[in-house]
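Take a look at the structure below.
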Amino acid sequence: MRLGGSIMKPYDSPAQWLALVKEYGYSAVSFPVDSSAPAQVRRDYLQCIRDSGLVIGEVGIWKNVMARDEKERQAAIDYSVRQLELAEEVGANCCVNISGSVSAVWDGYHPDNASRAVYDRVVELSRQIIDRVKPTRTSYTLEPMPWMVPESPEEYLQLIRDVDRSAFRVHLDYCNMINSLDRYRDASGFIRHCFELLGGYIVSIHAKDVLLRNGALPLVIEEVQPGEGSIDLALVCAEAEKLGEDIPVFVEHLPDHASYLAAAETMREAARRAGVICKAI
């Protein structure tokens, strides 16, 4: 398995960026610049990545293609296309976004997110973005969310069938789908189920931890520092390794440099417990 995560310190050259990658001990990375970077800058970072034996696990989008405002919505769709083109250019495992929300908040809850009309729009937009690029080296993926499509492994599998494009694959974030007490109680069973149902389509994984906050009614499940919650991270490593030794597993959503250093070490220890080699560069 390949461990990756965010870079929390600034950098302005491939050499500075690579030094930080090595400090964290990552062997998988998100591409360090976006599609607006000059072509030579993109080439320089790509050469650095190739020379270092790193895997590009993700190119991120993180824009709301379902935004209420038409200009914002179209700009998000066009940016998604440019980012997918970048992922294709650099040979990333995937280009990843969330499906989007009709809420006023770009990633927020809205009851209509669960409607048939929104589901059909997610299918339509996924096809549109893929068809404008026609990627052959990368995949377009949607990170699962607790309150938008897809919010279960079953819904993700159905989405794959409905989008019906070979370049539409799975970015697995199991924690974002632990949105009920049943899934929290049997988180290990749920994680196994995710891998069993979607394993053949998974191209990148977010490895996170969650904890139920006692006394917070009716129910609060919070994302926490890896190792401080209830997730069996060794199980995550073992299931990831079954998909291939180069599968990227990312830590994310942490506040600072020290937290990422600690999370990376926690994941390496979890991999050791699982008998999994965490590749280094």
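The values are calculated or read from the model by the stated rules, or taken from the named source; none is laboratory data. Nothing here was measured: the structure is a model prediction, and the numbers come from that model. Ideal geometry is used to build each Cβ from the backbone, glycine not excepted, and the neighbour counts take in all protein chains shown. Note: accessible area is taken over every heavy atom of the protein model, side chains too, but ligands, DNA and RNA are not part of it. Shrake-Rupley method; radii C 1.70, N 1.55, O 1.52, S 1.80 Å.
Using the per-residue mean of other Cβ atoms lying within 10 Å as a proxy for protection, in what order, highest first, do the peptides 125-132, 208-215 fall?
Ranked from most to least packed, the peptides come out as 125-132, 208-215.
Over all alpha-carbon pairs in the chain, figure out the percentage whose distance exceeds 26 Å.
Considering the chain, 42 percent of its Cα-Cα pairs are separated by more than 26 Å.
For the range 189-202, what does the Karplus curve 6.51 cos²θ - 1.76 cosθ + 1.60, with θ = phi - 60°, yield as ³J(HN,Hα) per residue in whole Hz, taken in order and with x for Gly and Pro?
The phi angles translate into x, 5, 4, 4, 4, 4, 5, 5, 6, 10, x, x, 10, 6 Hz.
Between the range 221-280 and the range 1-41, what's the alpha-carbon centroid distance in Å?
If we compute the Cα centre of each part, the gap is 19 Å.
Can you compute log10 of I(q)/I(0) for the range 148-281 with the Debye formula, treating each Cα as one identical point scatterer, at q = 0.14 Å⁻¹?
-0.65
Could you work out the equivalent-ellipsoid semi-axes for the range 54-208, taking the square root of 5 times each eigenvalue of the Cα gyration tensor, largest first, in whole Å?
Semi-axes, largest first: 23, 20, 13 Å.
For the chain, give the percent of accessible area contributed by carbon and sulfur heavy atoms, probe 1.4 Å, rounded to a whole number.
49 percent
I'd like the distance separating the alpha-carbon centroids of the range 81-96 and the range 166-183, in whole Å.
For the range 81-96 versus the range 166-183, the Cα centre distance is 21 Å.
Treat the range 88-142 as a sphere of radius equal to its Kirkwood radius over Cα pairs and apply Stokes-Einstein at 4 °C in a medium of 1.567 mPa s; give the translational diffusion coefficient in µm²/s, rounded to a whole number.
Translational diffusion coefficient: 104 µm²/s.
Evaluate the charge dipole of the chain about its Cα centre and quote only its size in Debye, nearest 20, assuming +1 on the Cβ of each Lys and Arg and -1 on the Cβ of each Asp and Glu.
With Lys and Arg at +1 and Asp and Glu at -1, about 460 debye.
Quick one: which residues, 5 or more positions from S204 or on another chain, have an amide H under 5 Å from its amide H? H modelled 1.01 Å from N in the peptide plane, none for Pro or chain starts.
Those lying under 5 Å, H to H, from S204 are L172.
Semi-axes of the equivalent ellipsoid of the range 202-277: what are they in whole Å, largest first, if each equals the square root of 5 times a C-alpha gyration tensor eigenvalue?
Those come to 24, 14, 11 Å.
Pick from S230, S30, S152: which residue has the top mean-square fluctuation in a GNM of the chain where Cα pairs under 10 Å get a spring?
Result: S230 has the largest fluctuation of those listed.
Hey, what number do you get for the chain at 222 nm if only DSSP H runs of n ≥ 4 count, each worth -39500 (n - 2.57), divided across all residues, to the nearest 500?
-13500 deg cm²/dmol
Connecting C-alpha atoms closer than 10 Å in a GNM of the chain, tell me which of K242, K63, K134 has the biggest fluctuation.
K242
What does the extension gain come out to for Y109 and R185, with contour length at 0.36 nm per residue minus their alpha carbon separation?
Length difference between fully extended and current span is 25.0 nm.
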